[in-house]
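Encoded as structure tokens, the structure appears first; notes follow it.
The values are calculated or read from the model by the stated rules, or taken from the named source; none is laboratory data. Here the structure is a predicted model, which means the values were calculated and not measured. Here the Cβ positions follow ideal geometry from the backbone for every residue, glycine too, while neighbour counts run over all protein chains shown. Heavy atoms of the whole protein, side chains included, go into the accessibility calculation; ligands, DNA and RNA do not. Shrake-Rupley method; radii C 1.70, N 1.55, O 1.52, S 1.80 Å.
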Amino acid sequence: MRFPLLLALLCLSVALHAEPPHGVVPLPHSIHTGSGTFALNGQTRIFATGDSARATATMFHDWLRDTQGLDLAIDNGTPRKDERNLVWFETTKTKRGGSAEAYRLTTDERRIHVVGADAGVFYGMQTLMQLLPAAKQDKLDIAAVEIDDAPRFAWRGLHLDTGRHFFPVAFIEKYLDVMAMYKLNTFHWHLTEDQGWRIEIKKYPRLTEFASKRSETVVDHKVDPYIGDGIPYAPGYYTQDQVRGIVAYAAARHITVIPEIEMPGHAQAALAAYPQFACTPGPFEVWTNWGVSENIFCPKEETFAFLDDVLSEVAALFPAPYIHIGGDEAPKEAWKKSAFAQDLIKREKLKNEEELQSWFIRRVEKIVHAKGKRIIGWDEILEGGVAPDATVMSWRGEQGGIAAAKQNHDVVMSPGEYCYLDHAQGPAESELFPLGGYLTIGQVYAYDPQPAVLSARERGHILGVQGNVWSEHMPNAEVAEYAAFPRALALAEVGWSAQSTRAYADFERRLANQYPRLDREGIRYRIPEPQGLADVLQIDQPHYRLQLASGLPGASIYYTLDGTLPDPKFSPRFSAPVDVELPLEQKRELRTLVVTADGRRSGVYNATLWNRHPKPAVAVTGGNPGLTYAYYEGRFPTLLEFEKAAAGEPVKRGEARSFALKDFKDKKNFGLVFDGEFDAPTDGIYRFVVRADDAAAIAIDGEVIVRNEDYEQPREARVPLQHGAHRLRVHYMQRGGGADLHLQWALPGQALRDLDTAKPRR
Ligand code: ACM
């Protein structure tokens, strides 16, 4: 029977065409357009049926009053069937599709109806607010629509590290407000760190009196050698009253607060206050440096009694079913040196310190269970055997989460390469704050928290996904907002929306509807790059039509093409397509600055425009030597300095089979020049990618294509090559040890492959 399929396809295409673009984030499960329009006005009445609908109705009322100046009447009760011009929030006992977070939102010309269980009605209201304008408008028309919505995952988390830097209660409330707007329902509150303890524990007053303060803070990323700022940091802590206030504030927004109390590592501040819980006598300072401290809790009875007391107070403050007990990054040096810890390992017949950590976490799990809660911990808690009932938060990639799910443990996915919102969002030179790392919003959006390697049953253990906001390099709220937003919105959609319906281009379009809402909340999000900004490499075409647009309503784009910094006073403002002349082989640098309607400035976002002629293949004669290396000794301050030095005679030359550095692993300060050939399999634009600890450059036929001195971020460039052999030269340098070199290439549309596999011709 072909007909039903054809009919279904027809209906689908009609539905797709009929759907007006909406700007809702996260994308609802299904939206169908009806006919007609609801006109919201001063006579519209709000109805609330059911327990929590009243609270939702009040929030909606207040939002309308604040954004539109409308002060609508609220009725407690159910509207008559024939009643018109109303917004009805209806809480039902039944959960739609089994989810308390699911809702149905219908609008027609007579009324708006939001129905669902408790949280569902609240989320329906959030969607409704996104269908209404963010700023005052005379006419408030809503096109008739039917939305059926439910989350993909139950855990949609956002984390905040308040240990490294402290964020005031007002900021946390703002963070929770924005989480609720995007249906994020779990706030992971990181409360204790090496650098500061932030939660009041009545029985141990020194945790806050002493351990919430440090003498100074390391400057920027200067951990080695250490440079301190000399400024005492005593920002305060959260009192138990404040904690209760935040928990209630979150609950009113259907957000669960998960407290994290770190153990056995990340505990130096606690040990500074109470050194008796360490394996060594101390004294310890509240740490002023970033990194991983070796001063961790000692697995003594006194320590467990202390943790029991702390967790009792914590359990009483937080109604959440979980307490996060950390478990990550606990170096074992102190336990290796401790006679007590070593005796304990023997007594408990443990193999090593990893098993001792597992034993430690199992002890803590019993303590937490006794308080009616369960533990969740970072994926290190798998090492030495995971505690029986633990939930695992996978941060070192997905492997921990996959392993845990295979062992029938619940998992929250938070892998660094998709979910660490403390990483920079673009190339370092274009970022307003020095965050380190590299994670674009597109990469966050690309994440699917259910790894394909898991079976359907195992996938059921993936509770959800979480974005983490570590605050080492976030001294204040402005930087935290810049880091978290708008990426947290991408993460919200990863957590809420069905994988099959998600598409980045559509998300980007819907984001335009969100920026004014973030503005209203006073969120200083990272201003997006102009749309259309991209490196351009064209072949033998001397003109390029530059077309830029901002995803931000009302924003202006200023640009330069001569390498100078764009400036609203002196640079042209982009208003219409520009024909840029591109003389052959003359790279032009496009630099752009986005300024919002209210004057906020972006970083400077760059691209290169380049008209090139493909490099001809070099003539090949017999007896090509393959890959060779030249080895230079010395501590070169920069790659350019090394490239200069490499004009001289090396200490040693030889043949190399690949770009592997294993023959040089014991060397501390050196440089290498590799010479070989790259065989271009076809005419084309080739992409080369390099990442190295510490720095490396790739040259083709005598031209340096790409240099990278950032050991964390890969860097890439493209070059047009004719089919055939090309001279390849790689400069690599190392300062201080830890040699590492990654070289890759690809043709357009192909996956990257190691440059090693592009064997030089022999
Ligand atoms: C972590 O990022 N150390 C969990």
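Which members of region 311-342 meet the condition of being more than 12 Å from PRO259 (Cα to Cα) and either open to solvent by less than 40 Å² (accessible area, probe 1.4 Å) or within 16 Å of the ligand (Cβ to nearest atom) (or both)?
Pass one, region 311-342, residues more than 12 Å from PRO259 (Cα to Cα): 312, 327-342.
Scanning region 311-342 gives GLY327, ASP328, GLU329, ALA330, PRO331, LYS332, ALA334, TRP335, SER338, ALA341.
State the number of residues belonging to region 18-69 that are in contact with a helix residue (DSSP H, G or I) (Cβ under 8 Å, 6 or more places away or on another chain) and at positive phi.
1
Answer yes if at least one residue in region 370-378 is of a type in the set (A, V, I, L, M, F, W, C), at pLDDT 95 or above and either open to solvent by 50 Å² or more (accessible area, probe 1.4 Å) or away from the ligand (no atom under 14 Å from the Cβ) (or both), and no otherwise.
Restricting attention to region 370-378, the residues satisfying the condition of being of a type in the set (A, V, I, L, M, F, W, C) are 370, 375-376, 378.
Remaining after also requiring at pLDDT 95 or above: 370, 375-376, 378.
Retained after the next criterion (residues that are either open to solvent by 50 Å² or more (accessible area, probe 1.4 Å) or away from the ligand (no atom under 14 Å from the Cβ) (or both)): 370, 375.
Yes.
Strands (runs of 3 or more DSSP E) wholly in region 32-144 with at least 2 residues that are in contact with a Lys or Arg (Cβ under 7 Å, 6 or more places away or on another chain) and open to solvent by 10 Å² or more (accessible area, probe 1.4 Å) - which ones?
Details: elements: 45-49, 74-76, 86-91, 103-107, 111-116.
Filter on region 32-144 gives 74-76, 111-116.
How do the pairs read when you match residues in region 395-406 that are without any contact (Cβ under 8 Å) to a residue 60 or more places away in the chain and over 10 Å from GLU458 (Cβ atoms) with residues anywhere that are among the polar types (S, T, N, Q) and within 14 Å of the ligand (Cβ to nearest atom), using Cβ under 8 Å and keeping only pairs 6 or more apart or on different chains?
Here the result reads GLY400/SER394, each pair linking region 395-406 to a residue that is among the polar types (S, T, N, Q) and within 14 Å of the ligand (Cβ to nearest atom).
Are any residues in region 396-422 surrounded by fewer than 24 Cβ atoms within 10 Å (Cβ to Cβ), within 13 Å of the ligand (Cβ to nearest atom) and part of a loop (DSSP other than H, G, I, E, B), and if so, which ones?
ARG396, GLY397, PRO415
Just to be sure, is PRO553 open to solvent by less than 70 Å² (accessible area, probe 1.4 Å) and either over 30 Å from GLU703 (Cβ atoms) or of a type in the set (A, V, I, L, M) (or both)?
Working: open to solvent by less than 70 Å² (accessible area, probe 1.4 Å): no; either over 30 Å from GLU703 (Cβ atoms) or of a type in the set (A, V, I, L, M) (or both): yes.
When the stated conditions are applied, PRO553 does not pass them.
Yes/no per residue for (1) among the small types (Gly, Ala, Ser); (2) in contact with a helix residue (DSSP H, G or I) (Cβ under 6 Å, 6 or more places away or on another chain); (3) modelled with pLDDT of 95 or more; (4) part of a helix (DSSP H, G or I):
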site: GLY436; (1), (2), (3), (4): yes, no, no, no
site: LEU454; (1), (2), (3), (4): no, yes, yes, no
site: GLY467; (1), (2), (3), (4): yes, yes, yes, no
site: MET474; (1), (2), (3), (4): no, yes, yes, no
site: GLU478; (1), (2), (3), (4): no, no, yes, yes
site: ALA483; (1), (2), (3), (4): yes, no, yes, yes
site: LEU489; (1), (2), (3), (4): no, no, yes, yes
site: ARG509; (1), (2), (3), (4): no, no, no, yes
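Among the numbered criteria (1) in contact with a Ser or Thr (Cβ under 9 Å, 6 or more places away or on another chain); (2) part of a helix (DSSP H, G or I), which one does THR288 miss?
Only one criterion in (1) in contact with a Ser or Thr (Cβ under 9 Å, 6 or more places away or on another chain); (2) part of a helix (DSSP H, G or I) is unmet by THR288, namely (2).
Could you figure out which of (1) open to solvent by 50 Å² or more (accessible area, probe 1.4 Å); (2) in a strand (DSSP E or B); (3) more than 30 Å from LEU609 (Cα to Cα) isn't true of ARG687?
It fails just one condition, (3).
Run ASP666 past the list (1) loosely packed, with under 14 Cβ neighbours inside 10 Å; (2) under 23 Å from GLY437 (Cα atoms); (3) free of Cβ contacts under 8 Å to residues at least 24 places away in the same chain and report the number of the one that doesn't hold.
With respect to (1) loosely packed, with under 14 Cβ neighbours inside 10 Å; (2) under 23 Å from GLY437 (Cα atoms); (3) free of Cβ contacts under 8 Å to residues at least 24 places away in the same chain, ASP666 is out only on (2).
Surrounded by fewer than 19 Cβ atoms within 10 Å (Cβ to Cβ) and either in a loop (DSSP other than H, G, I, E, B) or of a type in the set (Lys, Arg) (or both): does that describe ARG545? Outline the logic, then answer.
Working: surrounded by fewer than 19 Cβ atoms within 10 Å (Cβ to Cβ): yes; either in a loop (DSSP other than H, G, I, E, B) or of a type in the set (Lys, Arg) (or both): yes.
Taking the combined requirement at face value, the residue satisfies it.
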